[in-house]
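Read the structure below first, then the notes.
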Amino acid sequence: MAVAQRTGLGAAIEPNAYAASLKDAAMAAFLVAVLGFFFLPLRTDIAPGGLAITYRWPIWVAAILIVFGGRLLLNLFVFKARKPITRTIGEQMSGSSLRVPGLGRALGMALFVFAAILPFFITAVFPAQQRQFIDLAILIMTYIMLGWGLNIVVGLAGLLDLGYVAFYAVGAYSFALLAEYFGLGFWMALPLAGILAAFWGVILGFPVLRLRGDYLAIVTLAFGEIIRIVLLNWYEFTNGPDGISGIPKPTLFGLEFTRGDDGFAAFFGLEYSTIHRFIFLYYIIFVLAIITNFVTIRLRKLPVGRAWEALREDEIACRSLGINTTNTKLTAFAIGAMFGGFAGSFFATRQGFISPESFTFLESAIILAIVVLGGLGSQVGVVIASVVMIGGIELLRNIGFLSQIFGPDFDPVQYRMLIFGLAMVAIMVWKPRGLITTRNPSAVLKERKKIGADMVSQGEGH
Amino acid sequence: MTGAALAAAPAMSDGARWDADPILSVEHLTMRFGGLVAVDDLSFNVGRGDITALIGPNGAGKTTVFNCVTGFYKPTEGRIVMRHGAGLQQETVNELTDSGLRWRASDDHAVFLLERMPDFEIAHKAKVARTFQNIRLFGGMTVLENLLVAQHNELMVASGFTFGGILGLPGYRQAQGEAIDRAVYWLERTNLIDRADDPAGDLPYGAQRRLEIARAMCTGPHLLCLDEPAAGLNPRESTELNQLLQFIRETGTSVLLIEHDMGVVMEISDHIVVLDYGVKISDGSAEFVRTDARVIAAYLGVDDEAEIDVPEIKADVKEVVEHAKPVKARKPRKAASKATSASSSRAGSTARKSPSSGKKASKASTQTVAKEAGTHPGKQPAGSAKPGAGGADNLTRIGGIGPANEKKLNAVGIWHFSQIASWKKAEVEWIGSYLSFPGRIEREDWVKQAKALAAGKETAFSRRVDSGKVPSSRASTRKGGKA
Amino acid sequence: MEYFVQQLINGLTLGSIYGLIAIGYTMVYGIIGMINFAHGDIFMIGSFIALTTFLILTTVFGFAFLPVVLLIVIIIAMLFTSAWGWTVERLAYRPLRGSFRLAPLITAIGMSIVLQNFVQVTQGARVKPLPPQIQGGITLMEGSPETGSFVVQLSYMQIIIIGLTLVLMAGFTLLIAKTPLGRAQRACEQDRKMAALLGVNVDRTISLTFVMGAALASVAGLMFLLLYGVIDFYIGFLAGVKAFTAAVLGGIGSLPGAMLGGLLIGLIEVFWSGYFSVEYKDVAAFSILAIVLIFLPSGLLGQPEVEKV
C-alpha cells in the first residue's frame, strides 16, 4: 500500500483515488445543479401581466460541467494527490523569500518609495491611461488610509468595529457642511472633520465599550446604520438622498487647479492640464496616509499603544496593572475615528459630491476585510490587501477580452462584487490569519524577534 | 459575628505586630453571590513588611477575598483599608469612612478605602498588585513588553499623555530607558533576563509564574497579592519562589498570598489566616496555626479535601484519634469504598475501629469528656457509654461529619442519628466548641440531616456516601447505615 | 384604541418573520459562537426560491388551489434553501473551524456579498413584484364614527403567518428538546470537545444546525414575499441585521429569546412607524438594541455572563 504509484498524470495518486475523485466531482456537480436550479436556468422577470419565467438551460448545464471538471482537476492534482502541486509552488515561494530578516522593513521602504513617485511613473509609462490609473491609485490609497485607521481599533486594541464607515461619513459630511454653511476650505475643514469624527467616536464609544466581542460588533454596526439613516432622512440639513454637491476642491497654498491666470499651472509656468489636479489629490491622500502610518507606528511604541495591545491580549490583567481600560479603549476608538474622518473629508473633496449611498455597511465590511486579510495589526499587510482587493476589483472593469469570450453582452463590472466576495472567502480560507501574520515587538532589549501569529491573541472576549 | 468574636479571642493575637501596624485591614467583609455566602463577616490584618498567607480548603473563599481586595468584586458589606506609611491612622480612616471619599493622602501617609475604588485605581493609586490563579500574561507580547505595560501609568505621564510622545519629546525616551532598567532589574531577580525578547506565551509554566510576579513588582506595589504562586511548580522552583518572596519582603513590599502548598506557607509566612466556608477559623503565626485544633478539624472534616500535606496536622490527627484509642479494633464488614484516597482512607481506617464494647473504652471516653466538659460553652448533650443494640450509626452519612469527628462524637457518647436529632441550641453550641467547629453545625444543619436519617430517609449527602462517592467510616451500606 | 390594536397585530406579524430568521442566528451563535452574516441572504435566497416555485406552479402547471400551492412552495423552498445553508457552512465556515475567530466573520461577510451578487447577476437587480395572493380577513373591531370609524382587521395572511410561526416554533422546540439531534446540538453548545469525545458527530450536528436555520429562514422568506409582495436581492441585509438584533435583544443562544426579540423588534418598528415616523423606524430598533445591551449585557433571556477572574 505504501508504494507510491507513478502515474501518467505527473502527480502521485492513491490507486483508488480516481474513483474517489470522480465521485467527489459528481457530488459537487450535483450540488451545483440543486443550488443553481432556481437561479441559473430559471429567471423571473417583469412581463406584461405579472412576472414571467425565462429559461436558460445552457447556462445551468455549463455551470454543472465547469464545476465537475474543475473539481475533478482539483481532486487529482491538489486535494487527493500525494504531493499537491500547490505545495510545490508554496515551497518554492517561501523558500526563496519571506525568510530574510529585515525583509518587512525593506519591503515597506520599497513600497514607500514606489508610492512616492507613482504619479510620475504612471504619466511616464501609461500616458494614455494616466488619469484612470492615478484615480485608481488615489482610491487604493484612500482604502489604505482607512485600513490603517481601522487597524488601530481592530488590529491593535482588538475591538471589533463593524461601523467604521460611520466616521468616514462624519468626516465627509463635516467638511461638506462646513463648506456649505461656513465657506470653509479643505485645509481649514480637514482638522475640524478629524476632531468631529473623534468626538463622535467618543460619544458612540463611551456607552458601548464595556460590551464584549460580538455584542460590540453588532452595536457598532447598528450605529453605522443609524448615522446613515439620519443622513438619509434629515433632509433640511443634509439634503437627504440627493446628497451635497459643489464641495470645494483643495488648493495648494491658495493656488487653485484651474485654467485661469492665478491657477497652479500658470503660477509655475506649466501648460494647463487636468492631470495636475489628480496628481495633487494623490499626494494629499499619500501624505495623509503616511501621517496615519507614522502616528500608528509611534503610538505602538508609546504606553498607550502598548496598553492597546495588552488590552487585546488580556483585559483583566490590564486592570490589575492599573490601566484604565475604558479610557484606553476610548482613545483607540477616537484615534481610529479621527483618521476615518480625515479620509472622509478627503473623499468629499475628491468627489465634489457626497450622498449617504457612499457610506453603506458594505464599505465597513470592505475596510474590515482589508485589515483582516492583510493580517491584524500589520501595516504592510493593509497595503498589500488594499492593492490586491481594491486594485484587483477595479482592474476587472478593464478586462475587455472577457467580452470577446462571453459575447458583447458580457459586462465584467456586474461580476465585480461577486468575484470580490469569492476572493474574500478564498483568501480567508487559505490564510485565516491574513497575509502578514507576525508581530513586531514594540521594545527590544537585545535581539529583535518576530512573534508568530499563534501566540498573539485577537482581542475582546475570545 | 463569629469572625469578630474569634479576632477578639485572646489566644489568637495578643498584640501581634500585624494588628499594631497593618498595611491592609479587612473589616467585616461579606461577599454574597445571589444566595451563596462566599465570605462571611471576615476580618483580618496584613502586617506591614510581613508575608501573610491566606489558607483554607478548596472553596473556602480565599480567591473571593483577593478579588474583593483588588477590586474585581465589589464586596456586599465591609471595609477594606489600605495604608501607606506607618501606623493605624485610625482618625483618617474614620473621617474618610464618613466622608464618602475614596482616599486621602498627605506627604508620607495615605489611606485608601479599597471597597470604594475600581480595580485599576486600586493598582494605580493604592499600589496593590496581584497575580492570578490561572496565569494571565500578555502571551503575544515579549517578556520585556509585559513589564513595560506594567509601568503604564508612569510612562503615560512621561509621554505627556501620548501627545509629547508622538512629537518625540526627549523626556519620554529617558523615562522609557528607566522603565527598561527597572524591567531588567526584575528580570534578573526572576532569572528571566535571557528570555526578555521572547513572547511570554512561549515561556515554560514556572517561568510564566515568575514573570507574572515580576510584572506585578514593576508596578511598584506596596502590597503584592499572589494567588497560589506555587501551584504547578516543581520542588526546585518552589524553593526559588520562596527566596524570591523573601527578597520582595526585604525590598519593603508586603506580601499577601493564597497557597495550598503548606511547605511554602509554613516556611516563609510571618502570619497565617485560615478560612473555612468563608469564615475565619484561625489567625496567628505559623506556630500558632499549625497547632490550632480548629485548623486540623477544618482540614479533616471536609469530605472533599482529600489530601493533607502537613505532617504536623497529620500528627495532630493521630493524637486526636489516639485520645479515644483504648478500643478494640473491629473488622469492617466490607472493603473500604474505592473512592477513598490515601489520606482519607488512613483517617477512615482509624475511625473504623469504632468502639463497640468494653467497659474500659467507655470509661476512658467519659473521662476525657469530663476533663474537657467545663471548658465548652453550652450544655453537653446526653450520651451513652456504648451504642444501642443495633450498633452505632454511620454518622459520616451526615454532611459535615468526617471520620475524625465521628470518632470524637463517639468519644462523648454520641452514637446514633436520633441523638443528634434531639440536640437543642445549647447542645449544638457545646458540640460546636468541642469539635472546634463553631457555627458549622447550624450551617450544615446536622440536626435536620440527622432527623431525616433517623427516620430512615436519605439525604442528598447520604446518598453520595452510600454510593461510595464520599469517603466514609464504613463501607457503603444502604440500610440505615448500621455497621 | 382601534389603531393601537391594528398596529399590535401588524407588529406581531412582522415580528414573527424576524423571529424565524433570528432563530437561525441564535442557533448558529449558540453552537459555534459566530455571527453568520450570510444568514440574512439565505433568507433572501429562500424568498427567491419561493417566488420562482410559486410562479412555476401557478403559471406553468396551472395549479389554482392556493393552500396546496403554498404547501408545495414551503416544502420546496425549505429543501432547496437548506441546501444553500449547508453549502455555505461547508465552504466558508467548516475549513476555518477552530481557527482565528475573526476569519469566519470575514468569510461570512464575503459569503453575504457572494450570495447577494449571485442573485443580482442571475435574477437581475430590479424588484420582483408579486400581486397579493391571499386577500380578505376578519374584522375584529369597528370604531365609532367620532373616532374616525377605524376598522381593525386581522387579514387571512396575518393569520397564516402567525399561525405558521406558532406551528414551526412548537415543532422546533420539540425537535430541540426531545430528539437525539436536539440533544446532540445542546451538547455541542455546552462543550464541543466533550461532545465529540462522547461520540456526538460534531460536524454533522453543526451542518444540521445550519440546515435547520436555513429552512426556517426560507419560510420567513416566503412570508415576507406574501406580506410585502416585493422582493429584491438586497432584502437580506436589512432583514438579517434586524433579525440578528432581535437575537441579541432576546439573549443570543436562547431560542425563546430569539422569538421574543423578533416580536419586540417587529412591534417597535411598527409602533414607531405608526406613531412617530416611518423614516426612523430602523433607528428606533437599533437604539433599543444599544440601550438594552448597555443595561442588560446578555439580552432579555440570555444567561448572564460572570466575569471569571
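The values are calculated or read from the model by the stated rules, or taken from the named source; none is laboratory data. Please read these numbers as outputs of a predicted model, since none were measured by experiment. All Cβ positions, even for glycine, are placed from backbone atoms using ideal geometry, and neighbour counts span all protein chains on display. Keep in mind that these areas ignore ligands, DNA and RNA; they rest on the heavy atoms of the full protein, side chains included. Shrake-Rupley method; radii C 1.70, N 1.55, O 1.52, S 1.80 Å.
When we screen A:312, A:306, A:298 for residues that are within 14 Å of chain B (Cβ to nearest Cβ), open to solvent by 50 Å² or more (accessible area, probe 1.4 Å) and within 28 Å of residue B:163 (Cα to Cα), the only hit is A:298. Among the residues of the stretch A:74-91, are any part of a strand (DSSP E or B) and either open to solvent by less than 40 Å² (accessible area, probe 1.4 Å) or at pLDDT below 85 (or both)? Yes, the stretch A:74-91 has at least one match.
Considering only residues of the stretch A:329-351 that are open to solvent by 10 Å² or more (accessible area, probe 1.4 Å) and touching a residue at least 60 places away in the same chain (Cβ under 8 Å), which is farthest from the other protein chains (Cβ to nearest Cβ)? Outline the logic, then answer.
Quick first cut of the stretch A:329-351, residues open to solvent by 10 Å² or more (accessible area, probe 1.4 Å) only: A:330-331, A:334-335, A:338, A:342, A:347, A:350-351.
Now restrict to residues that are touching a residue at least 60 places away in the same chain (Cβ under 8 Å): A:330, A:334-335, A:338, A:342, A:347, A:350-351.
Values: A:330: 12, A:334: 11, A:335: 9, A:338: 12, A:342: 15, A:347: 21, A:350: 25, A:351: 23 Å.
Within the stretch A:329-351, the match that is farthest from the other protein chains (Cβ to nearest Cβ) is A:350.
Looking across the stretch B:159-182 at every residue that is modelled with pLDDT of 85 or more and more than 8 Å from every other protein chain (Cβ to nearest Cβ), the one that is nearest to the chain's Cα centre (by Cα) is identified as B:182. When the stretch C:94-108 is filtered for residues that are within 8 Å of another protein chain (Cβ to nearest Cβ) and outside any helix (DSSP H, G or I), the ones remaining, listed by number, are C:99, C:100, C:101. Taking the criterion of being under 23 Å from residue C:74 (Cα atoms) and open to solvent by 30 Å² or more (accessible area, probe 1.4 Å), the residues of the stretch C:191-239 that qualify are C:208, C:211, C:224, C:227, C:228, C:230, C:232, C:233, C:234, C:238. Scan the stretch A:217-233 for residues that are at the interface with chain C (Cβ under 9 Å from one of its Cβ atoms) and either of a type in the set (A, V, I, L, M, F, W, C) or part of a loop (DSSP other than H, G, I, E, B) (or both) and the total you get is 10.
Please enumerate the residues belonging to the stretch A:51-68 that are open to solvent by 30 Å² or more (accessible area, probe 1.4 Å) and either in a helix (DSSP H, G or I) or farther than 14 Å from residue A:39 by Cβ (or both). Residues satisfying the conditions are A:52, A:57, A:58, A:59, A:60, A:61, A:62, A:64, A:65, A:66, A:67, A:68.
For the stretch B:410-432, which residues satisfy the criterion of being more than 17 Å from residue B:448 (Cβ to Cβ) and in a helix (DSSP H, G or I)?
Residues satisfying the conditions are B:410, B:411, B:426, B:430.
Which of the residues spanning the stretch C:15-53 are open to solvent by 10 Å² or more (accessible area, probe 1.4 Å) and either farther than 20 Å from residue C:244 by Cα or away from chain A (no Cβ under 11 Å) (or both)? Correct list: C:18, C:30, C:32. Of all residues in the stretch A:430-449, which are within 28 Å of the chain's Cα centre (by Cα) and either facing another protein chain (nearest Cβ under 7 Å) or open to solvent by 50 Å² or more (accessible area, probe 1.4 Å) (or both)? Selection gives A:430, A:431, A:432, A:433, A:435, A:437, A:438, A:439, A:440, A:441, A:442.
If you check B:215, B:209, which single one turns out to be within 26 Å of residue B:261 (Cα to Cα), open to solvent by less than 30 Å² (accessible area, probe 1.4 Å) and in contact with a helix residue (DSSP H, G or I) (Cβ under 7 Å, 6 or more places away or on another chain)? Talk me through it step by step, then tell me what you get.
Details: B:209 fails: in contact with a helix residue (DSSP H, G or I) (Cβ under 7 Å, 6 or more places away or on another chain).
Every option except B:215 fails the conditions.
Among the residues of the stretch C:79-90, those identified as more than 7 Å from chain A (Cβ to nearest Cβ) and hydrophobic (A, V, I, L, M, F, W, C) are C:79, C:86, C:88.
One residue stands out in the stretch C:93-118 among those that are among the hydroxyl-bearing types (Ser, Thr, Tyr) and either surrounded by 16 or more Cβ atoms within 10 Å (Cβ to Cβ) or touching a residue at least 40 places away in the same chain (Cβ under 8 Å) (or both): the one that is farthest from residue A:49 (Cα to Cα), namely C:93. Only residues that are at pLDDT 85 or above and either closer than 14 Å to residue C:118 by Cα or at the interface with chain C (Cβ under 7 Å from one of its Cβ atoms) (or both) were counted in the stretch A:46-61, giving 3.
Could you grab me the full set of residues in the stretch A:267-295 that are open to solvent by 50 Å² or more (accessible area, probe 1.4 Å) and small (Gly, Ala, Ser)? Matches in the stretch A:267-295: A:269 only. The sole residue among C:4, C:43, C:54, C:48 that is free of Cβ contacts under 8 Å to residues at least 12 places away in the same chain and out of contact with any Cys (no Cβ under 7 Å at 6 or more places or on another chain) is C:4. In the stretch C:152-169, the count of residues that are within 14 Å of another protein chain (Cβ to nearest Cβ) and exposed (fewer than 14 other Cβ atoms within 10 Å of the Cβ) is zero.
When residue A:261 is tested against (1) at pLDDT below 75; (2) more than 10 Å from every other protein chain (Cβ to nearest Cβ); (3) closer than 30 Å to residue A:330 by Cα, just one condition goes unmet, and that condition is (3).
Contact map, the stretch C:119-131: first residue within 7 Å of chain A (Cβ to nearest Cβ) and among the small types (Gly, Ala, Ser), second residue open to solvent by 10 Å² or more (accessible area, probe 1.4 Å) and part of a loop (DSSP other than H, G, I, E, B), Cβ cut-off under 6 Å, separation 6 or more or different chains; the map is empty.
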